[in-house]
Amino acid sequence: MTGSTVLRHCAAPALRDWGRRCLVAMDVPDADAACLADSLVQTSLWGVDSHGIARLPHYLNRLARGSILARPDVRIVRSGPATAQVHGGQGLGIVVAHRANRLAMDIARETGVAAVGVSDSSHCGAVGLYSRAAAAAGLVGLAFTHSDSIAAPFGGHVPFLGTNPISVAVPRQDGPPVCLDMASTAIPWNRVMNARREGHALPPGVALDEAGRDATDPQAVRALRPLGGPQQGYKGYGLALMIELLCGPLNGNPFGPHLSPMYEQLDVARRLGAFFIVIDPARFAGGPLLGAAVAQMAGELAAQPGQPRMPGDPEQAAQAQRLRDGIPVEPGLWQEVLLWSERLRTPPPALA
């Protein structure tokens, strides 16, 4: 095998350290660099490679071009007893989103429920990062975000909405949170970008070409199908539209076609939004026993034929394997790692 086709593995600490060094070299403050690198590596550990460490080169590129600011002016406005707005100042979306989610958690502890909006930010990564953080603290977390036009509306084939994911996480007694983290499209757009970089084909029924035909060649993809596919795609489309309204217009951000694209116009700030709702279960009748009920449900499901798992459990299994074997780094990504290491004059991560 040649060096261009080898699948490499890196231990999580090595990737975290490399990511932090790269970000600090781009003038990102130490705490923010750690937050972003830790979040990307955690996402990779969950097996969500579309939003993991593979996205760091993109963030570095936007930092270099000035469309993401290393040291943004983030402003917080408490707009009511249970509401707040976080103005992201064109900062790193993951860092801004963690700050907004922590604020929502603090408010929920005070009032029982909180809703926090984010404006003028950038790509915030996997929204499960935030709902899980709330659930790990004993709260119920909901997280939403939007993106530029990537998905065709049901009945059409021209991109209009983003992948617009939703995540809901609930505490589980003596175990990790139960976490739903899903796009409202058949696949996330970053999976298309990864397939283009690595030369992989896409499965049928998830994407469309310029003429509205099914596309498995990632180079031919012009739009994603909404969740539900050709027959039931109105479900994903409707969900995406509602998430768009919560994250875009409600927070004073543009929507779908009016957002600058993620991988084009890299000099233009994206003005993305997010929305976080956090609930304190102790304020409800079943709150004290919620974690135990979730654990009971998981046990009963596992005893069913086929041993169904709770949402989020496959990610926990992936994490256990990747902590043991390392995080896979595909050849195209490894070349980007080497290029950025050379550019920023920092050693690449050690291989596992």
Given q = 0.14, 0.22, 0.30 Å⁻¹, what are the Debye log10 I(q)/I(0) values for segment 295-352, with equal point scatterers placed on the Cα positions and solvent ignored?
-0.60, -0.90, -1.11
Here the FRET efficiency for Leu250 versus Arg65, based on Cβ atoms and R0 = 51 Å and rounded to 0.05, is 0.95
Report the per residue volume, in Å³, of the convex hull enclosing the C-alpha atoms of segment 39-96.
91
Spin-label zone in segment 167-193 - amide nitrogen under 19 Å from a point set 7 Å from the Cα of Ala303 along the C-beta vector:
173-175
With r as the distance between the Cβ atoms of Lys235 and Glu210 and R0 = 30 Å, compute the FRET efficiency 1/(1 + (r/R0)^6) and round to 0.05.
0.75
What is the Rg over Rh value, at two decimals, for segment 1-117, using alpha-carbon atoms and the Kirkwood definition of Rh?
1.07
How large is ³J(HN,Hα) for each residue in segment 154-160, as worked out from phi by the Karplus curve 6.51 cos²θ - 1.76 cosθ + 1.60 (θ = phi - 60°), to whole Hz, x for Gly and Pro?
4, x, x, 9, 8, x, 9
On full extension of the chain, what length is gained from Asp267 through Thr111, given 0.36 nm per residue of separation minus the C-alpha to C-alpha distance?
52.1 nm
Taking amide hydrogens as modeled 1.01 Å from N in the peptide plane, which residues meet the under 5 Å criterion relative to Val178, leaving out close sequence neighbours?
Val170, Arg172
Can you give the extra length, in nm with one decimal, that the chain gains between Met242 and Ser79 once fully stretched, where that is 0.36 nm per residue apart less the Cα-Cα distance?
56.5 nm
Heavy-atom accessible surface of the chain: percent carbon and sulfur, 1.4 Å
57
Keeping all protein chains in place, calculate the accessible area per residue for the chain (probe 1.4 angstrom), answer in Å².
43
How are the Cα pair distances of segment 162-289 distributed, in percent, across 5 Å bins from 0?
2, 9, 15, 17, 18, 15, 11, 6, 4, 3, 1
Using a Gaussian network for the chain with springs between C-alpha atoms less than 10 Å apart, which of these wobbles most: Glu110, Glu210, Glu264?
Glu264
Please report, for the Cα atoms of the chain, the Rg to one decimal and the Dmax as a whole number; what are they, in angstrom?
19.9, 61
Range in the chain, longest, excluding exposed chymotrypsin sites (Phe, Trp or Tyr not before Pro) [loop by DSSP; at most 15 other beta-carbon atoms within 10 Å]:
1-262
Check Ala223: other-chain or 5+ apart residues with amide H under 5 Å from its amide H, H built from backbone geometry?
Leu208
If each residue of separation counts as 0.36 nm, what is the full-extension length gain between His157 and Arg324 once their alpha-carbon separation is subtracted?
55.8 nm
Could you check how many percent of all C-alpha pairs in segment 213-352 are farther apart than 20 Å?
76
Based on the inverse mean of 1/r over its pairs of different Cα atoms, what is the Kirkwood hydrodynamic radius of segment 231-295, in Å?
15.1
What's the FRET efficiency of Glu342 with Gln219 using the Cβ-Cβ distance as r and R₀ = 25 Å, to the nearest 0.05?
0.35
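The values are calculated or read from the model by the stated rules, or taken from the named source; none is laboratory data. None of these values were measured; they are calculated from a predicted model. Here Cβ is always computed from backbone atoms with ideal geometry, including for glycine, and neighbour counts include all displayed protein chains. When the accessible area is computed, the model is the full protein with side chains, heavy atoms only, and any ligands, DNA or RNA have been set aside. Shrake-Rupley method; radii C 1.70, N 1.55, O 1.52, S 1.80 Å.
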